[in-house]
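Take a look at the structure below.
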Amino acid sequence: MKLASRHVLDLETMPAEDMKNILDTAESMKEILGRSIKKVPTLRGKSLCTLFYEPSTRTRASFELAAKYMSADSISIATATSSIKKGETLLDTARTIEAMGVDMIIMRHPVSGSSHFLSRHVKGAVINAGDGMHAHPTQGLLDMFTMRQHLGRLEGLKVTIVGDALHSRVARSNMWGLIKMGAQVCMAAPSTLLPLDLGDLDVKVYDRLEPALEGADVVNVLRLQLERQKRGLFPSAREYSQFYGVNQERLKLASPDVLVMHPGPMNRGVEISTEVADAPMSTIDEQVTNGVAVRMALLYLLLGGADE
Amino acid sequence: MRLQQKATIMDGDGMRRALTRIAHEILEKNRGVGNLALVGIRRRGVPLAHRLAKRLAEIEQVQVPVGILDITLYRDDLTTRTDQPIVQKTEVPFDLRGKRIVLVDDVLYTGRTIRAALDALIDLGRPEMIQLAVLIDRGHRELPIRADYVGKNVPTAKRENVSVRLEEVDETDDAVVIEEIIQENG
């Protein structure tokens, strides 16, 4: 079954049946990751490029490994070591890559909407690996995949997103995806870090952590994006931690078998305590594994079929 | 294009007898069930593998392990098909090393599915031997592949379609029917 669009740009525009198709396919892909020979020949002869204008460890590594496990070829371009340093524009860089025969560009860029822009100007597929404060759809999908694997469903779950939602593309992608799949989304943050553009999205917003944690099935902790805090939106990391840090004591309010998630990289002792990060209820390492499975599913669904 | 039913070439009783005979042939050829495992190819090879395992258990009082193989990721027509097949899980819960594997499928036709299944199996480990059991062999091979155990050989034309119906999958009584593909003009 083909996806509705040949690009994956955000979860806001992705139909719920496509998300379900991706999550189901990822279940099959996860089995491959457990094999001693982690490679299937499916995407032989396909090639993709990761084009990252921002630093990344897990997203980029997992896209590249997903490509290798599916037998596609991948190259990676990082801004620091490329002609972008010489002032080449995004479009010129993308066209150069396409001229070499690449079937897909996976891009991370600090400007919101940049992936949409790119998708309108290239022939191949575009996957958004994070654009500014807008969307990070593959993170949203892998978070939903992890929740579904542990709890067996998404519908009716209470998912609490904690932290810097204003700057967080992970939060936005989680909200769009989870609400479409029938989960109940709550958000807790200091009011200066709450997003202003929730529109008619059905999200319960709290400016204190405790009421948002009550009965939560999943707590998704966001990274405090210290690099995006220029305007003094909260007094200090220490004070943030005192009021909004997720620790064992506060988690007693949540469901007894609550899952604690974090997209990484963590600021240990700021948004999440070390005991919680390393506790059995934390799925942080598993999220990374699942990220590879979800990205394999996307590569198959976008590159696997015939060109029309 | 539509399909018109032409003939029923095997009914439920015939299928039952064919599987019982194949079970005995498997035991005879392998001298028992030592190191034996069955692997069904999705979809209809899977219930057939379970049925064979049940017969082997009745005859030898030993439960033979059964695995499930999804060959979607190994197909050779992925880049030419516009309807993208859904990938399902491969579930082989035993180590293939040193095992005698009997691959099970419903219809053997071009041999391309079996080629894909062989590649998929060998990616999971190195069995001692792989054998092939099919309910129907309808000919028209495009690859040098043959079955070790055959329920029934049926000469067919390429414009015909052989469809195996199983209770577990199709919710009808077991049968094998030949349908004719009718090309309609306009």
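The values are calculated or read from the model by the stated rules, or taken from the named source; none is laboratory data. Note that this is a predicted model, so its numbers are computed, not measured. When we count neighbours, we look across all protein chains shown, and the Cβ atoms used for this are built from the backbone with ideal geometry, even at glycine. These accessible areas exclude ligands, DNA and RNA; they are computed on the full protein's heavy atoms, side chains included. Shrake-Rupley method; radii C 1.70, N 1.55, O 1.52, S 1.80 Å.
Things to note:
- For the range A:277-282, the Karplus equation 6.51 cos²θ - 1.76 cosθ + 1.60, evaluated at θ = phi - 60°, returns couplings of 4, 9, 7, x, 6, 7 Hz by residue, with Gly and Pro reported as x.
- Those trypsin sites (Lys or Arg not before Pro) in the range B:110-186 that DSSP places in a loop and that have at most 16 other beta carbons within 10 Å: B:ARG141, B:ARG146, B:LYS158, B:ARG159
- Whole-angstrom gap from the range B:140-157 to the range B:52-81, using each part's C-alpha centre: 18 Å
- Share of pairwise Cα separations in chain B, more than 21 Å, in percent: 52 percent
- Summarising the amide proton neighbourhood of B:ILE9: residues at separation of 5 or more, or on other chains, whose placed amide H is nearer than 5 Å comprise B:VAL176, B:VAL177, B:ILE178.
- Partners for A:LYS180 among aspartates and glutamates (Cα-Cα distance below 18 Å; same-chain residues under 8 apart left out): A:ASP10, A:GLU12, A:GLU17, A:ASP18, A:ASP24, A:ASP143, A:GLU155, A:ASP197, A:ASP200, A:ASP202, A:ASP217
- Once the 1.4 Å probe is applied to the protein heavy atoms, the range A:124-264 comes out at 38 Å² accessible per residue.
- Using Cβ point charges alone (K and R +1, D and E -1), the dipole size of the range A:192-299 about the Cα centre works out to roughly 460 debye.
- Size descriptor for the range B:1-99, Kirkwood hydrodynamic radius: 15.9 Å (Cα pairs only, one decimal).
- Per-residue 3J(HN,Hα) values for the range B:60-73, derived from phi via the Karplus relation 6.51 cos²θ - 1.76 cosθ + 1.60 with θ = phi - 60°, read 10, 6, 10, 7, 8, x, 10, x, 10, 10, 9, 9, 3, 6 Hz in sequence order (x marks Gly and Pro).
- Counting, for every residue in A:35-42, the Cβ atoms of other protein chains within 10 Å of its Cβ and taking the mean gives 5.
- Looking at the protein assembly as shown alone, DSSP beta bridges between its own residues are antiparallel in about 20 percent of cases.
- 19 Å Cα-Cα reach of A:LYS123 towards lysines, excluding residues that sit fewer than 8 places from it in its own chain: A:LYS2, A:LYS46
- Of the GluC sites (Glu not before Pro) found in the range B:78-143, the ones in coil according to DSSP and having at most 15 other Cβ atoms within 10 Å of their Cβ are B:GLU128, B:GLU142.
- Distance between the range A:210-271 and the range B:1-18 - C-alpha centres, whole angstrom: 62 Å
- Size descriptors for the range A:45-198, from the alpha-carbon set: Rg then Dmax equal 17.1, 51 Å.
- Per-residue packing, averaged as other Cβ atoms within 10 Å, sorts the ranges B:171-183, B:69-81, A:159-171 into the order A:159-171, B:69-81, B:171-183, beginning with the highest.
- With Cα atoms, 0 to 90° folded angle of helix A:137-151 axis to chain A main axis: 60 degrees
- For B:PHE94, nonlocal amide neighbours, meaning residues 5 or more places apart or on other chains whose placed amide H falls under 5 Å from its own, do not occur.
- More than 14 angstrom apart: percent of Cα pairs within the range A:33-108: 62 percent
- Residues of the range A:278-308 buried by at least 50 Å² of accessible area upon assembly of all protein chains, compared with the chain on its own (1.4 Å probe): A:TYR300, A:ALA306.
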